[in-house]
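The values are calculated or read from the model by the stated rules, or taken from the named source; none is laboratory data. Treat the numbers as computed from the prediction; the structure is a model and nothing was measured. We place every Cβ from the backbone using ideal geometry, glycine too, and count neighbours over all the protein chains shown. Remember, those area values only see protein heavy atoms, side chains included, never the ligands or the DNA or RNA. Shrake-Rupley method; radii C 1.70, N 1.55, O 1.52, S 1.80 Å.
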Amino acid sequence: MEKKSKIKRIAVLTSGGDAPGMNAAIRAVVRCGIEAGLEVYGIYNGYLGMYEGKIERMTRKSVSEKLDRGGTFLGTARLPEFKNEEVRLAAIENLTEYGIQGLVAIGGDGTYRGALSLSKMGIKVVGIPGTIDNDIAGTDFTIGFDTAVNTAVDAVDKLRDTSSSHHRCSVVEVMGRNCGDIAVWTGLAVGAEVVISKETGYNEEEVLSIIRKASLVKKHAIVIVAENLVDINELAKTITENTQFAARATVLGHIQRGGSPTARDRVLASLMGVKAVDELINGASGVCICHRGGKIVSLPIEEALASTDERILEKYEAFKKLF
Ligand code: F6P
């Protein structure tokens, strides 16, 4: 039976850094919206496309064969100018032209801040957390994080083979902007000797002492470093000069953002897409969809943007007991 809804037209966009699983979320929003009797529009290239009026009606077929694809078929962009009210007003005008009353914005913290501003300007907006960084506090997991961690783990497993053959230390930089989730999860999953992230802090002497101890009992060592913290080439040089291991630095980079989403990310994205449409139908705005303790719930966006440090430090405590 068709659900009753005051909203007739909604749109979906992806914004900020892409993340594997975004396509699955778009698909869920489009199919669930159509199922509920809504017209669903896709906005290309995030808030930029909203500003430029790159908007197109979606059908069930528009989202066929997208579930397993990495990236986002709608495209994405970073638009710092969206902070300016006149840019948002122009973007809202385009929505009004299409009669769009509700928006699902899929992305990370920057996307959420844009969504919050739009909701304060009268647009009904629901956010879905799509970012590999897992830096949205309100949700246990963001879409794309699981795939990115698996990509990083796979890469470090390969590096371990060669560093073990050569009795070396691999210093590996993973993504995460200002958040150490990818670093700490990867460190736990590969059995690294050291994890360095914003939350764990960095003490060079401590790192060298751990590597020296490892060199007495192991053929290799692994150091995982979150981006934007330490020059990993310098760190590799310091390890080479001050321990038994020669070290090599590897930046994993954007490879972590690509690839087919894991089943876990596809399922999370699909459940969140369905919930986002339900929220819009029920009249919600300024909220985002979260996965909390196994349940899919919605929270005010402001609450979801709190710090993730405590959550990461909990895992880091376990990490320290294991190497
Ligand atoms: O937010 C996702 C992310 O991949 C971060 O981990 C990274 O710091 C940033 O995006 C890189 O952004 P860009 O692709 O714009 O260089």
Can you say whether VAL174 is farther than 19 Å from GLU279 by Cα, more than 14 Å from the ligand (Cβ to nearest atom) and touching a residue at least 60 places away in the same chain (Cβ under 8 Å), as far as the supplied structure shows? no
Residue hits (the stretch 71-114; among the small types (Gly, Ala, Ser), within 13 Å of the ligand (Cβ to nearest atom) and over 19 Å from VAL274 (Cβ atoms)) are GLY71, ALA77, GLY108, GLY110
Within the stretch 90-101, can one find any residue that is of a type in the set (Gly, Ala, Ser), over 13 Å from LEU13 (Cα atoms), open to solvent by less than 50 Å² (accessible area, probe 1.4 Å) and out of contact with any helix residue (DSSP H, G or I) (no Cβ under 8 Å at 6 or more places or on another chain)? yes
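Restricting to the stretch 159-201, name every residue that is among the acidic types (Asp, Glu) and touching a Cys at 6+ places or on another chain (Cβ under 9 Å). Can you show your working first?
Taking the stretch 159-201 as the starting set, the residues that turn out to be among the acidic types (Asp, Glu) are 161, 173, 181, 193, 199.
Scanning the stretch 159-201 gives GLU193, GLU199.
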Are there any pairs with C-beta distances below 6 angstrom linking a residue in the stretch 277-288 that is under 14 Å from ARG31 (Cβ atoms) to a residue that is assigned to a helix (DSSP H, G or I) and among the aliphatic types (A, V, I, L, M), with the two at least 6 apart or on different chains, and if so which? VAL277/VAL29
Could you check the stretch 273-323 and list, in sequence order, the residues that are farther than 12 Å from GLY127 by Cβ, part of a loop (DSSP other than H, G, I, E, B) and open to solvent by 20 Å² or more (accessible area, probe 1.4 Å)? ASN282, GLY283, GLY293, GLY294, ALA306, SER307, LYS321, LEU322, PHE323
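Identify all residues within the stretch 115-154 that are part of a helix (DSSP H, G or I), open to solvent by 10 Å² or more (accessible area, probe 1.4 Å) and away from the ligand (no atom under 15 Å from the Cβ); write none if there are none. Can you show your working first?
Here is the first cut: in the stretch 115-154, the ones part of a helix (DSSP H, G or I) are 115-120, 145-154.
Filter once more, so that each one left must be open to solvent by 10 Å² or more (accessible area, probe 1.4 Å): 116-117, 119-120, 146, 149-151, 153-154.
LEU116, SER117, SER119, LYS120, ASN150, VAL153, ASP154, listed by residue number.
Yes or no, residue by residue, for (1) open to solvent by less than 50 Å² (accessible area, probe 1.4 Å); (2) closer than 22 Å to TYR316 by Cβ; (3) out of contact with any Ser or Thr (no Cβ under 7 Å at 6 or more places or on another chain):
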residue	(1), (2), (3)
LYS219	no, no, no
VAL225	yes, yes, yes
ILE232	yes, yes, yes
LYS237	no, no, yes
ALA246	yes, no, no
LEU252	yes, yes, yes
SER260	no, no, yes
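Of everything in the stretch 196-220, what is among the small types (Gly, Ala, Ser) and in contact with a Phe, Trp or Tyr (Cβ under 6 Å, 6 or more places away or on another chain)? Give them in sequence order.
Filtering the stretch 196-220 for residues among the small types (Gly, Ala, Ser) gives 197, 201, 209, 214-215.
Within the stretch 196-220, SER215 is the sole residue that qualifies.
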Kindly check whether there is at least one residue in the stretch 187-194 that is more than 21 Å from THR162 (Cβ to Cβ) and open to solvent by 30 Å² or more (accessible area, probe 1.4 Å). yes
